[in-house]
Amino acid sequence: MTDSETKTRLIDAAYGLMLSNGYAATGVAEICEKAGVSKGSFYHCFDSKEQCALETLRDHMSGAIEDIEAGVDLTGLSPAEAAVKYIQHVEEGSEEIWRDGCLIGAFALEISETQPAIREEVSQVFRDLADHMERIFTPLCKAATQPGAPSARELAEQFIAVIEGGVVLSRAHNDIRFIPQALRTFRRYLTLLLPNS
């Protein structure tokens, strides 16, 4: 097994364990056992569990936008309509995307006070996602004519809050439908901002 394959197996194992059990309850030995590699291999790839968690978070997020946007077709839509269609696409795939929860949100809740490096990484991930979504919402906000309409940045941050809130409710009630329901409500709000709505 190459170093790259070993690292990938460790990251995949860490992701599953930390998502289901939390950061504190996940040990290096457990990660190694699930990945099928030795502790020596773990420490060849990572200096510590914290570094493993940081790289797991980065790896997870690097593919998250691609997963979210896979298959979305915005052909022929105005930029404002495309923003609404984009949210509908996320809504339709949300049960699959977040069925096991959200590692970013889980880290934010569990270790924001005890692991400052991870907290800062989580904060940066949320900022990057808000930047991405702000670009998507900007045409919609420019086209909106309603007084007091939110800014694109406000919509981007609300989008993140809607997803994280939906994930929390789905875990609390053991019902994944809270995530698409939250996104559906958000999308309905966005349609009110469309010109001539």
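Checking CYS52 against (1) within 23 Å of ILE111 (Cβ to Cβ); (2) more than 23 Å from the chain's Cα centre (by Cα); (3) surrounded by 20 or more Cβ atoms within 10 Å (Cβ to Cβ), which test does it fail?
With (1) within 23 Å of ILE111 (Cβ to Cβ); (2) more than 23 Å from the chain's Cα centre (by Cα); (3) surrounded by 20 or more Cβ atoms within 10 Å (Cβ to Cβ) applied to CYS52, the lone miss is (2).
Are there any pairs, at least 6 apart or on different chains, whose C-beta atoms fall under 8 Å, with the first in the range 127-155 and more than 16 Å from VAL84 (Cβ to Cβ) and the second charged (D, E, K, R), and if so, which?
That search, which allows pairs on different chains as well, returns ALA130/ARG153; ALA130/GLU157; ARG153/GLU134.
Residue by residue through the range 56-98, note down the ones that are among the β-branched types (Val, Ile, Thr), more than 24 Å from TYR23 (Cα to Cα) and more than 11 Å from the chain's Cα centre (by Cα).
Scanning the range 56-98 gives VAL72, THR75, VAL84, ILE87, VAL90.
When you go through (1) touching a helix residue (DSSP H, G or I) at 6+ places or on another chain (Cβ under 9 Å); (2) surrounded by fewer than 20 Cβ atoms within 10 Å (Cβ to Cβ); (3) over 22 Å from ASP131 (Cβ atoms) one by one for PHE46, which number turns out not to apply?
Unmet condition: (2).
Among the helices (runs of 4 or more DSSP H) contained in the range 112-197, which hold 2 or more residues that are over 18 Å from GLN88 (Cβ atoms) and in contact with a strand residue (DSSP E or B) (Cβ under 6 Å, 6 or more places away or on another chain)?
Ranges flagged: none.
Just the residues that are surrounded by fewer than 20 Cβ atoms within 10 Å (Cβ to Cβ), among the hydroxyl-bearing types (Ser, Thr, Tyr) and within 23 Å of SER62 (Cβ to Cβ), please, taken from the range 16-43.
SER20, SER41
Can you list the helices (runs of 4 or more DSSP H) found entirely within the range 1-91 that contain at least 1 residues being touching a residue at least 60 places away in the same chain (Cβ under 8 Å)?
3-21, 49-69
Quick note: the coordinates plus some simple rules give every number you see, no bench work behind them. Given the structure is predicted, the values throughout are model-derived calculations rather than measurements. Methodologically, a virtual Cβ is constructed for each residue, glycine included, from the backbone with ideal geometry; neighbour enumeration extends over all protein chains shown.
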